[in-house]
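Remarks on the structure that follows.
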Amino acid sequence: MNLAPAFLNHHRQQADSDADALVKAIFQEGTQTSLYAVLSMPVSDYENLDNSPLKQFLMQSLPKPDWFKPELIKKGQRVFEKYALPIMTLLGGLSLPYCYAASPGNKALYLSEKMRKNQGKRLADTADFIIAVSSPGQLDKNSDGHFHINKTRLIHAIARYYILKGKDWDMAWGLPINQEDMAGTNLAFSFLILRGLKKAGYLITDREMESFTSLWRYIGYQLHISTDLLPANYAEAMVLERTIRNRHFKKSDEGIALTKELLAYYKSMIPEKDGQFIDAQVRYWLGKSVADCVGLEANPANDRKVEALNLVQEATNFLKIKEGDFAKMLRNHATIKAKVV
């Protein structure tokens, strides 16, 4: 894996040329209303669309790479199925604020007003994507996973289109939602989740970690992230994560604002007595250095309480995995989604 600064800087100037070209053509034709309508459709309705470049884009998938091993994908999806409840919790409390610590990548999120103004919808959409690509069988032929991947590519391309039309973007930062930043997000949904599960006391095995890493390598490949930025194993993921963190993680106004808005939304959804510990819990998951980047300051009293509660929880988490947890996660997601969509 090439981690030279010049190589990574080059990938900051690369994004997703196919998705960008399609979105640009649609906007030039003035048919973006139809694009938004299609992106709002249930995936089950896509096959009924008239044949068009948009339908072809949504229905496509890249050829299987040489390193593709279907058994590892299936095993990776079984890892998600097994740990679905804690994974979805970690996505909201660890992965998203972790992404906000990376600057200038966080500037694209900050400038995407539509995403920021509806936190609940954005979180529900992110959960839809994670479930659609990670659940068992969802990346098989004619499954929903590839549709969700291509839909995400178009959403990113739309965001890039609008950001670059504005006056606030500096190309010295690279392209909005560029290859390196997408690789960092891929790590947040894979490597960071594994590290979070281990920190939370779950007895996740080396084989489970490798298969989950392989699953997200393939998801990243289908998202058109360069294979040079997709770790082949957990050890490579650890090195890439550290490299990107050292290159870009720093305190920034955008990271602080994004985290504040996210946690404010969480607090609005739960009783006030529980909300007072959210900052400390996220700080616990992120660790001091990353938490400082997003403006989560230490609160000694709350930090001690949260650490003590986590130590108790971690001591018993290996007993918490039950056969019905995946179904419970789906029910929880449907309930939350119904409130925000």
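The values are calculated or read from the model by the stated rules, or taken from the named source; none is laboratory data. These numbers come from a predicted model, not from an experiment. So basically every Cβ, Gly included, is an ideal-geometry build from the backbone, and we count neighbours across all protein chains shown.
Criterion applied to Ala19, Ala4, Ala37 was being in contact with a helix residue (DSSP H, G or I) (Cβ under 7 Å, 6 or more places away or on another chain) and either within 16 Å of Leu223 (Cβ to Cβ) or exposed (fewer than 15 other Cβ atoms within 10 Å of the Cβ) (or both), and the one residue passing it is Ala19. With a requirement of 2 or more residues that are among the basic types (Lys, Arg) and either touching a residue at least 12 places away in the same chain (Cβ under 8 Å) or more than 30 Å from Trp173 (Cβ to Cβ) (or both), the helices (runs of 4 or more DSSP H) lying completely within the range 246-333 that satisfy it span 253-268, 300-316. Which residues, counting only those in the range 268-288, are surrounded by fewer than 16 Cβ atoms within 10 Å (Cβ to Cβ) and at pLDDT 95 or above? Hits for the range 268-288 are Gly287, Lys288.
Residues of the range 69-95 being without any contact (Cβ under 8 Å) to a residue 40 or more places away in the chain and within 15 Å of Pro136 (Cα to Cα), which ones? Within the range 69-95, Pro70, Glu71 meet the criteria. For the range 64-84, a residue qualifies if it is of a type in the set (Phe, Trp, Tyr) and more than 17 Å from Ile130 (Cα to Cα), and the qualifying residues are Trp67, Phe68.
Condition first: of a type in the set (Val, Ile, Thr) and at pLDDT 90 or above. Now tell me which residues in the range 293-334 satisfy that. Passing the criteria: Val294, Val306. With respect to Ser143, determine if the residue is at pLDDT 95 or above and closer than 21 Å to Met88 by Cβ. So Ser143 does not fit the description; no. Is it true that Lys260 is surrounded by fewer than 17 Cβ atoms within 10 Å (Cβ to Cβ) and either within 17 Å of Cys99 (Cβ to Cβ) or among the small types (Gly, Ala, Ser) (or both)? Yes. If only residues of the range 221-265 that are at pLDDT 95 or above and either in contact with a Cys (Cβ under 8 Å, 6 or more places away or on another chain) or aromatic (Phe, Trp, Tyr) (or both) are counted, the one that is farthest from Asn9 (Cα to Cα) is Tyr234. Quick check on the range 31-49. Is at least one of its residues closer than 30 Å to Pro104 by Cα and small (Gly, Ala, Ser)? Yes, the range 31-49 contains at least one residue that is closer than 30 Å to Pro104 by Cα and small (Gly, Ala, Ser).
Filtering the range 167-181 to residues that are farther than 27 Å from Tyr221 by Cβ and among the acidic types (Asp, Glu) leaves Asp168, Asp170.
State whether one or more residues within the range 167-174 are of a type in the set (A, V, I, L, M), at pLDDT 95 or above and either crowded, with 23+ Cβ neighbours inside 10 Å or farther than 30 Å from Thr31 by Cβ (or both). There is at least one residue in the range 167-174 that is of a type in the set (A, V, I, L, M), at pLDDT 95 or above and either crowded, with 23+ Cβ neighbours inside 10 Å or farther than 30 Å from Thr31 by Cβ (or both). Looking only at residues of the range 287-301 that are of a type in the set (A, V, I, L, M) and farther than 18 Å from Asp253 by Cβ, we find that the one that is nearest to the chain's Cα centre (by Cα) is Ala298. Reported count of residues in the range 8-36, each being over 16 Å from Ala157 (Cα atoms) and aliphatic (A, V, I, L, M), is 1. Within the range 53-66, the set of residues being over 23 Å from the mean Cα position of the chain (by Cα) and surrounded by 13 or more Cβ atoms within 10 Å (Cβ to Cβ) comprises Leu54, Lys55.
Within the range 189-203, one or more residues are on the phi > 0 side of the Ramachandran plot and touching a residue at least 12 places away in the same chain (Cβ under 8 Å).
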